[in-house]
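Working notes, structure below.
The values are calculated or read from the model by the stated rules, or taken from the named source; none is laboratory data. None of these values were measured; they are calculated from a predicted model. Quick reminder, even Gly has a Cβ in these numbers, built from the backbone with ideal geometry, and neighbours come from all protein chains shown.
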Amino acid sequence: MSICMSMPNYMHNAYNSVKSKRISTACIMHTMTYDDRPEAAKRLEQARKQRGFKTPKDAARFFGWKYESYIQHEQGTRGIVRASATYAKAYRVSEAWLLTGEGEPSFIENVVPIVGLAGAGPDGSVLFATGDGSFGEIPAPVNSTPTTEALEIKGDSMTGIANDGWIITYDHKEPPSEEHIGEPCVCWLADERVLIKTPYHGRGDGLFDLESVNAATMRDVPVHYFALITNIVPKKAAKKFITRNPEHPITDLKL
């Protein structure tokens, strides 16, 4: 009698065990997703990550793109044909590859764009290029990263850090952190000015004292982002390897 009683219990437990496993397997399969975006949208995401931007919002913020439009392009809900040239230039990839997959995903050229003129504004601020072009390009320094960009010094407002005609490079801008304190940085201020200063802690959260050699220290300034200066190249050396962009001739700018 005891044997007959134990058999149904054994079978019942075995059934529960098998049933449990089947449910678990079904759940795992249910969570699997399939990326059905257009291939161009997938390549746009690949190019963005290859350029060093972790999220679409990081890239849109860095290049000044409208985030709502850009994320639709990566999600594949809008085509990228109209913006493909802009994206290709920003991510340093071939436009043909971005649109069709033809060729290599990235140019072999190892260059850094000159995206602005430092000290060109009336207050010594940085004047950035507008549109799709830049002020030219230089060969990438040995310590460059996919997000390295260059600024050319114009005028005497930056004497003491870099003189007229010198080139400086910097990497991806980041929220303020301790590594920026006491180091020459490109500074993105809350009032939308961009300056090159050496930051120190101010008297409140998000406030910084910005120091320069030839101007009074700016006290308790709200700053959104910093980027460490990674290289400084004197004028004569810089002239030897700058490639100018005809879309933004320096001599035509009203500084």
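Worth pointing out:
- Filtering the range 24-41 for residues that are closer than 30 Å to P139 by Cα and modelled with pLDDT of 50 or more leaves a non-empty set.
- Unique match (being surrounded by fewer than 21 Cβ atoms within 10 Å (Cβ to Cβ), within 20 Å of G119 (Cβ to Cβ), in contact with a Leu (Cβ under 8 Å, 6 or more places away or on another chain) and modelled with pLDDT under 95) among G165, G155: G155
- Strands (runs of 3 or more DSSP E) lying entirely in the range 121-217 (those with 3 or more residues that are hydrophobic (A, V, I, L, M, F, W, C) and out of contact with any Gly (no Cβ under 9 Å at 6 or more places or on another chain)): 185-189
- Leading residue by the ranking (nearest to P113 (Cα to Cα)) among those in the range 192-215 that are touching a Pro at 6+ places or on another chain (Cβ under 8 Å) and surrounded by fewer than 19 Cβ atoms within 10 Å (Cβ to Cβ): E211
- Test: E74 is in a helix (DSSP H, G or I), surrounded by fewer than 11 Cβ atoms within 10 Å (Cβ to Cβ) and either touching a Ser or Thr at 6+ places or on another chain (Cβ under 8 Å) or at pLDDT 85 or above (or both): no
- Leading residue by the ranking (farthest from H180 (Cα to Cα)) among those in the range 218-245 that are at pLDDT 90 or above and among the polar types (S, T, N, Q): N231
Each row is one residue, and each column tells you yes or no for (1) within 22 Å of E137 (Cα to Cα); (2) assigned to a helix (DSSP H, G or I).
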{"position": "A60", "(1), (2)": "yes, yes"}
{"position": "G79", "(1), (2)": "no, no"}
{"position": "A85", "(1), (2)": "yes, yes"}
{"position": "A88", "(1), (2)": "yes, yes"}
{"position": "L99", "(1), (2)": "no, yes"}
